[in-house]
């Protein structure tokens, strides 16, 4: 029987398996240090579509197709598909997945969406409501920039704390039975708002949410950083990672030697000129479904904690002077 631990964590009696996964990335991401871990590096970030918005949907569609093919499954073998993105009303997801004919649940957790989908998918499977589900998300630099910041043609300077929205998608198939990494715990985050208003400093805005969820996970489970080979966040970037490590030390947890961040891993930060690192739903999704799960399957990690973070604002709320609410969801994965 599944167990609720504390206020925010669930321990699964029968852990769902990640039986297949796929990552599809753009040209810039394909030039980074993780290039050999992705299933597909596209040569055209527009994916042959008439707009950047539709291109992002094509990234999701392709990621699902690759994950299904790797598992030897078809659309009829999947009972639910869970996804979302950064576009208004999650448009990329809806256009990309409209032809799958799979029951669909749309999610929005900003850059935390990949872990949110894996959390909800795990609960669906462990609740006995499905045998297999697909969890995924995406982001696209061009569709995100024109929605949240400036038209690309504007060519404005980016601040040192700004992060680069990844053009990428990641998909994972969860199953009740199988082989592969297993999700043993989920810790659902709370909305955290520390009054940050600078949309060019998402790391500072989201670090307190990561702090809140990771410390809740430790308190609920009785675990410590020593129980994990890796504590992975996504996507705090350089600035947010430094803030998290400093803040959590004040709560009695030293994660610095165990911590890494998807936004720091996806790019060569200096040579690719991404300032404080990567961000966007596709950053965590592609790094997790590419490099991290590969390392688990190789045995280089045995137990990891993945805490994805998201900023829950929209362009209008920021223009109206509102601060940025944030969220972080965490999953524990073992092999």
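The values are calculated or read from the model by the stated rules, or taken from the named source; none is laboratory data. Here the structure is a predicted model, which means the values were calculated and not measured. Counting neighbours? That spans all protein chains shown, and the Cβs are built from the backbone with ideal geometry, glycine included.
Overview of values
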{"read-out": "Residue 22 being assigned to a strand (DSSP E or B), surrounded by 14 or more Cβ atoms within 10 Å (Cβ to Cβ) and at pLDDT 95 or above", "value": "yes"}
{"read-out": "Test: residue 82 is at pLDDT 95 or above, under 29 Å from residue 314 (Cα atoms) and not in a loop (DSSP other than H, G, I, E, B)", "value": "yes"}
{"read-out": "Any pair with Cβ under 6 angstrom, 6 or more apart, that starts in region 114-138 at a residue that is more than 10 Å from residue 82 (Cβ to Cβ) and ends at one that is modelled with pLDDT under 95", "value": "126/2"}
{"read-out": "Given (1) over 17 Å from the mean Cα position of the chain (by Cα); (2) touching a residue at least 40 places away in the same chain (Cβ under 8 Å); (3) in a loop (DSSP other than H, G, I, E, B), number of the condition residue 252 does not satisfy", "value": "(2)"}
{"read-out": "Search result, residues across region 260-277 that are within 15 Å of residue 207 (Cα to Cα) and at pLDDT below 95", "value": "276, 277"}
{"read-out": "Any chance residue 197 is more than 29 Å from residue 294 (Cα to Cα), not assigned by TED's automatic domain parsing to the domain that holds residue 12 and not in a strand (DSSP E or B)", "value": "yes"}
{"read-out": "Residue in region 300-315 that is under 19 Å from the mean Cα position of the chain (by Cα), in the same structural domain as residue 190 (by TED's automatic domain parsing), surrounded by 15 or more Cβ atoms within 10 Å (Cβ to Cβ) and part of a helix (DSSP H, G or I) present", "value": "no"}
{"read-out": "Test for residue 49: is it part of a helix (DSSP H, G or I) and either farther than 14 Å from residue 168 by Cβ or touching a residue at least 60 places away in the same chain (Cβ under 8 Å) (or both)", "value": "no"}
{"read-out": "Residues (in contact (Cβ under 8 Å) with a residue 60 or more places away in the chain and out of contact with any strand residue (DSSP E or B) (no Cβ under 8 Å at 6 or more places or on another chain)) located in region 1-27", "value": "6, 7, 14"}
{"read-out": "Any hit, region 326-335, residues being part of a helix (DSSP H, G or I) and either without any contact (Cβ under 8 Å) to a residue 12 or more places away in the chain or crowded, with 18+ Cβ neighbours inside 10 Å (or both)", "value": "no"}
{"read-out": "Selection from region 226-247 of residues that are surrounded by 18 or more Cβ atoms within 10 Å (Cβ to Cβ) and assigned to a helix (DSSP H, G or I)", "value": "237, 238, 239, 240, 241, 243, 244, 245"}
{"read-out": "Residue among 73, 54, 68 that is outside any helix (DSSP H, G or I) and modelled with pLDDT of 95 or more", "value": "73"}
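For (1) outside any helix (DSSP H, G or I); (2) at pLDDT below 85, each residue gets a yes or a no:
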site	(1), (2)
92	no, no
100	yes, no
108	yes, no
118	no, no
121	no, no
124	no, no
130	yes, no
134	yes, no
156	yes, yes
